Amino acid sequence: MRWQYALGATLLLSLCSFRMNGADSSSEMRLYRWVDDNGMVHYADRIPPTQVNQGHTTLNPEGIRTEVVPPAPTAEDLKRAAELERQQAENARRAEEERVANQALLKRFRSLEDLILAREGRVAAVDAINQTTRDNLRLLQRRLRELHQQQASRKPTDSSLPATLQADIVRVEEQIRTAYTTIVTQEFQKVAIRAEFDQLQTRYVALKNNAQPNATLLPPPATEVLASNIVRCFGAENCQRDWERARAYVRALPDIREEINGAGLLMVMQQDDDEDRLLTLVWIQQPADTAVYLYLNLECKNRLTASLLCTNAGALTARDGFRAALMSAN
């Protein structure tokens, strides 16, 4: 309690000194109170220079607090304040962007049906490009079969395989792999389009119901949702193992009449009384991508109607069970 008595005495002496010097309630004389780094409370009519930036309280001659001066901000305080200001500005910018985007969304689509039609239009545009690729692919596959037939028709007494024929085979195989790379890339693009429009639909319904949409402003990333006939692998050893398993899977299918085996490519032709079928297994790897995609494609043609719709249950099951079969073998 001695320190409290000393502080009270100091304050009393200071106030008495003010009054003895003629100070009254209107006097400009002040008493300052501050706490030092050790937690000790001080009173004086002047603030030490070392205490100026540490914060203090100003008292009038009657001991009534008239002003509180907080400590000067430290470098860390200034840094936190600047970061808070930056975050507030960023939040305001995002809120404004979201407001503008919401208005544009409501203006762009008059109804939910309009939004769904727009989605299907985007998907159909990708399918149209894909169809062109598939049409060209059929020509390439036909050409590759012709080249292999030329190769198979050579007699044992013939000289070695002409360089031009071998070069044509390599070139067409590369073109087929490139075409399938385009097809798989476009399939992922359709997944991204549907994910984007699913988010827009969620936001649109919320806005129409005068609710706050939960979806974020930016469209979702183009997530690679793999179809059942695609296998993704990483690493040369793992991918080579999966490739050998995939080839064994395709070669074990029934009714195979013809096979073409190339670099990163396996084509098998099935045939029955109703339709001709072509199953193509292809190794897809883009230079900028670390992943390898093993893709099993199925194409059919009805012998009577020329329909390209596949109807054979066994072939459809083989295609749709491709990834599950390889994953179960791991």
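The values are calculated or read from the model by the stated rules, or taken from the named source; none is laboratory data. Since the structure is predicted, the reported quantities are computational estimates derived from the model, not experimental observations. Using ideal geometry, Cβ is built from the backbone for each residue, glycine included, and neighbour counts are taken over all protein chains shown. For accessibility, only protein heavy atoms count, side chains too; no ligands or nucleic acids. Shrake-Rupley method; radii C 1.70, N 1.55, O 1.52, S 1.80 Å.
Please indicate, with yes or no, whether at least one residue in the stretch 248-269 is open to solvent by 70 Å² or more (accessible area, probe 1.4 Å), among the aliphatic types (A, V, I, L, M) and more than 27 Å from the chain's Cα centre (by Cα). So far as the stretch 248-269 goes, yes, one or more of its residues are open to solvent by 70 Å² or more (accessible area, probe 1.4 Å), among the aliphatic types (A, V, I, L, M) and more than 27 Å from the chain's Cα centre (by Cα).
With within 30 Å of Ala313 (Cα to Cα) and at pLDDT 90 or above as the only criterion, which of Glu244, Glu196 stands out? Don't jump to the end; show me each part of the working.
Values: Glu196 fails: within 30 Å of Ala313 (Cα to Cα).
When all the criteria are applied, what remains is Glu244.
For the stretch 66-103, a residue qualifies if it is in contact (Cβ under 8 Å) with a residue 12 or more places away in the chain and surrounded by 11 or more Cβ atoms within 10 Å (Cβ to Cβ), and the qualifying residues are Thr66, Val69, Pro71, Ala72, Arg94, Glu97, Glu98, Ala101, Asn102.
The lone criterion from (1) more than 25 Å from Arg194 (Cα to Cα); (2) under 32 Å from the mean Cα position of the chain (by Cα); (3) of a type outside the set (Gly, Ala, Ser) left unmet by Pro162 is number (2).
Quick check on my filter: what residues within the stretch 270-311 are in contact (Cβ under 8 Å) with a residue 60 or more places away in the chain, open to solvent by 50 Å² or more (accessible area, probe 1.4 Å) and not in a loop (DSSP other than H, G, I, E, B)? Once the filter is applied, which keeps residues that are in contact (Cβ under 8 Å) with a residue 60 or more places away in the chain, open to solvent by 50 Å² or more (accessible area, probe 1.4 Å) and not in a loop (DSSP other than H, G, I, E, B), the stretch 270-311 yields only Trp283. When Asn261 is tested against (1) in a strand (DSSP E or B); (2) modelled with pLDDT of 95 or more; (3) not acidic (Asp, Glu), exactly one condition is not met: (2).
Of the residues in the stretch 312-322, at least one is open to solvent by less than 10 Å² (accessible area, probe 1.4 Å), closer than 19 Å to Asp242 by Cα and not aliphatic (A, V, I, L, M).
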